[in-house]
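Colleague: Below is a structure I'd like to ask you about.
The values are calculated or read from the model by the stated rules, or taken from the named source; none is laboratory data. Just so you know, these numbers come straight off a predicted model, no measurement behind them. Counting neighbours? That spans all protein chains shown, and the Cβs are built from the backbone with ideal geometry, glycine included.
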Amino acid sequence: MNTSINWKSATGETVGHLARLIQAATVNPPGNELPAILAMKEILECEGFGPEDFKIVESAPNRVNLIARLRGDGSQRPLLLSGHVDVVPVEREHWTHDPFGGEVIDGEIWGRGALDMKGFLAMYLQIFLQARRQGLPLKRDLILAAIADEEDGFTHGSRFLVDQHRELIDSEYGITEGGAFTMYLGRTRAYMIQVAEKGVCWLRMTARGKPGHGSLPHDENAVFYLAQAIERIRRAGHLPVHITPTFKSMLGAASGQIHSPLGKLAGLLGNQAVVNLLLRATKGRNKSMLMALTTNTCSPTILQAGAKTNVIPSQAEVHLDCRKLPGQSLEDVMREILAITGDRVTLEPLHTSPGAEFSTETPFYRLLERETRKLDSEGLVIPLLMPGATDASEYQRAGIKMYGFTPGLLPPEFPVISLGHGHDERLPLSFIESGLPVLWNVVNEFCAG
Ligand SMILES: [Zn+2]
């Protein structure tokens, strides 16, 4: 470990960079990432990085990605630090302070993206800058990627890079958003490192019936058929339970560290019995999270039928936001849904993403786990299966083993989960100051030699 870095002043510098990123409003859609990428470029140029050290690649007007590289001796394959610069929209009237101000107020930096994920990207950037300043002798390249379009389908960011500029991001391992910050589970502090995520299967479910005049009702109305199918999904409660390797290691790690027999017991029971046991043990709290971690899920969202009040439509449809577990296919999900709805309805895919699952048995994961433990020796370190999707699933297609790793300490009263895409998003400066040395240790240990 290099102790010559003053983490207080490194934190100050990180906050300055983060403020610039927040002020570059990159709301997606439409996702105008250019101003944030230009801010990154300026910071790198001020530090002495030249055109041979970074590239900016554009997938559409104003949809840009910046990839910078510190060269190692090539004896090992690169490590990727990847952060998206686009953010979700804001409802300004609900914010206490300017969502694009990047102001520091009472020890916290405010603004859209402070958490998701400009704050973490600014931390990665700081480590990248420090690696150069400290002249870290790298055995593998260190790649910093500031990318577009994580919040709206990956098309202009990770997917574009994997499909069209793979040489820029090709790495053995990588980190991005998704974990290792303090979560308070009752009196327990947990640090979850994302190792897997669910895939997206957005479907259209269509019911067809007999058209007619609204004044002469009949029971072959497509709206009835669709409503019945949706009601069957509601009554079923959930799709069948599947226990993934990641869920097993989540359970094993958690119960091992709190000396609970649950982990071992779970190995002996059937899938549904494991879930019932967990529901009982947690008194039904976090039921929707538990089900999301152990089943393919299905949420009806957009409904559509008919064009005129007095015409019975021949067709009615609903969009289903379905998410599949690692190891499950689109066909598996469709089969499970049709088994519940019956075949009065048909399904077709609208959009899919593969999902991802990475091993907890890699040297890099074990390093992340070790360094996280040093951050809080009494906290639990647990691998996480994420119900949502991040860039990790796209990077997986390029063979990069990605972990969600944005380490740092959060105070108990800090509502990290609700702030992510919510109002009044902000990040405590103390988080940055506690997390930077952890990231530094990881990069130092893994890349320098
Ligand atoms: Zn994000």
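Colleague: Hey, any hits in segment 78-89 for a residue that's buried (at least 19 other Cβ atoms within 10 Å of the Cβ), within 13 Å of the ligand (Cβ to nearest atom) and within 28 Å of GLY449 (Cβ to Cβ)? Let's see the steps before the verdict.
Modeller: Let us first name the residues in segment 78-89 that are buried (at least 19 other Cβ atoms within 10 Å of the Cβ), namely 78-87.
So of that shortlist, the ones also within 13 Å of the ligand (Cβ to nearest atom) come out as 82-87.
Retained after the next criterion (residues that are within 28 Å of GLY449 (Cβ to Cβ)): 82-83.
For segment 78-89, residues buried (at least 19 other Cβ atoms within 10 Å of the Cβ), within 13 Å of the ligand (Cβ to nearest atom) and within 28 Å of GLY449 (Cβ to Cβ): present.
Colleague: Tell me which residues, restricted to segment 342-375, are modelled with pLDDT of 95 or more and farther than 26 Å from PRO407 by Cα.
Modeller: GLY342, ARG344, VAL345, THR346, LEU347, GLU348, PRO349, LEU350
Colleague: Now a separate question. Considering (1) touching a Phe, Trp or Tyr at 6+ places or on another chain (Cβ under 6 Å); (2) crowded, with 20+ Cβ neighbours inside 10 Å, say which one HIS351 fails and leave the rest.
Modeller: So the condition that HIS351 fails would be (2).
Colleague: Mind counting the residues in segment 127-176 that are in a helix (DSSP H, G or I), away from the ligand (no atom under 16 Å from the Cβ) and either surrounded by fewer than 24 Cβ atoms within 10 Å (Cβ to Cβ) or basic (Lys, Arg) (or both)?
Modeller: Here the count works out to 14.
Colleague: Something else about it: Does any residue of segment 377-395 turn out to be within 16 Å of the ligand (Cβ to nearest atom), surrounded by 23 or more Cβ atoms within 10 Å (Cβ to Cβ) and of a type in the set (Phe, Trp, Tyr)?
Modeller: For segment 377-395, residues within 16 Å of the ligand (Cβ to nearest atom), surrounded by 23 or more Cβ atoms within 10 Å (Cβ to Cβ) and of a type in the set (Phe, Trp, Tyr): present.
Colleague: Let me ask something else about it. For segment 117-128, name all the residues that are more than 14 Å from SER82 (Cβ to Cβ) and in contact with a His (Cβ under 9 Å, 6 or more places away or on another chain).
Modeller: Result: GLN126, single match.
Colleague: Conditions first: (1) modelled with pLDDT under 95; (2) of a type outside the set (D, E, K, R); (3) within 16 Å of the ligand (Cβ to nearest atom). GLY449 passes all but one, so which condition is the exception?
Modeller: (3)
Colleague: Just one of (1) away from the ligand (no atom under 16 Å from the Cβ); (2) surrounded by fewer than 20 Cβ atoms within 10 Å (Cβ to Cβ); (3) more than 16 Å from GLY174 (Cα to Cα); (4) not aliphatic (A, V, I, L, M) trips up GLY399, so point out which.
Modeller: Among (1) away from the ligand (no atom under 16 Å from the Cβ); (2) surrounded by fewer than 20 Cβ atoms within 10 Å (Cβ to Cβ); (3) more than 16 Å from GLY174 (Cα to Cα); (4) not aliphatic (A, V, I, L, M), GLY399 violates only (3).
Colleague: Take segment 76-116 and flag every residue that is within 23 Å of ALA148 (Cα to Cα) and without any contact (Cβ under 8 Å) to a residue 12 or more places away in the chain.
Modeller: Passing the criteria: only ARG92.
Colleague: Go through (1) farther than 20 Å from MET386 by Cβ; (2) under 27 Å from the mean Cα position of the chain (by Cα) and name the single condition ALA305 misses.
Modeller: ALA305 satisfies every listed condition except (2).
Colleague: Looking for something in the same structural domain as ARG92 (by TED's automatic domain parsing), crowded, with 22+ Cβ neighbours inside 10 Å and either away from the ligand (no atom under 16 Å from the Cβ) or more than 21 Å from ALA131 (Cα to Cα) (or both) - is there at least one such residue anywhere in segment 418-425? Before you say what the answer is, go through the steps one by one.
Modeller: Step one: of segment 418-425, the residues in the same structural domain as ARG92 (by TED's automatic domain parsing) are 418-425.
Restricting the remaining residues to those that are crowded, with 22+ Cβ neighbours inside 10 Å gives 425.
Now restrict to residues that are either away from the ligand (no atom under 16 Å from the Cβ) or more than 21 Å from ALA131 (Cα to Cα) (or both): 425.
Yes; the residues of segment 418-425 include at least one that is in the same structural domain as ARG92 (by TED's automatic domain parsing), crowded, with 22+ Cβ neighbours inside 10 Å and either away from the ligand (no atom under 16 Å from the Cβ) or more than 21 Å from ALA131 (Cα to Cα) (or both).
Colleague: Can you say whether GLU433 is touching a helix residue (DSSP H, G or I) at 6+ places or on another chain (Cβ under 8 Å) and either within 30 Å of CYS322 (Cβ to Cβ) or within 16 Å of the ligand (Cβ to nearest atom) (or both), as far as the supplied structure shows? Let's see the steps before the verdict.
Modeller: Numbers: touching a helix residue (DSSP H, G or I) at 6+ places or on another chain (Cβ under 8 Å): yes; either within 30 Å of CYS322 (Cβ to Cβ) or within 16 Å of the ligand (Cβ to nearest atom) (or both): no.
No.
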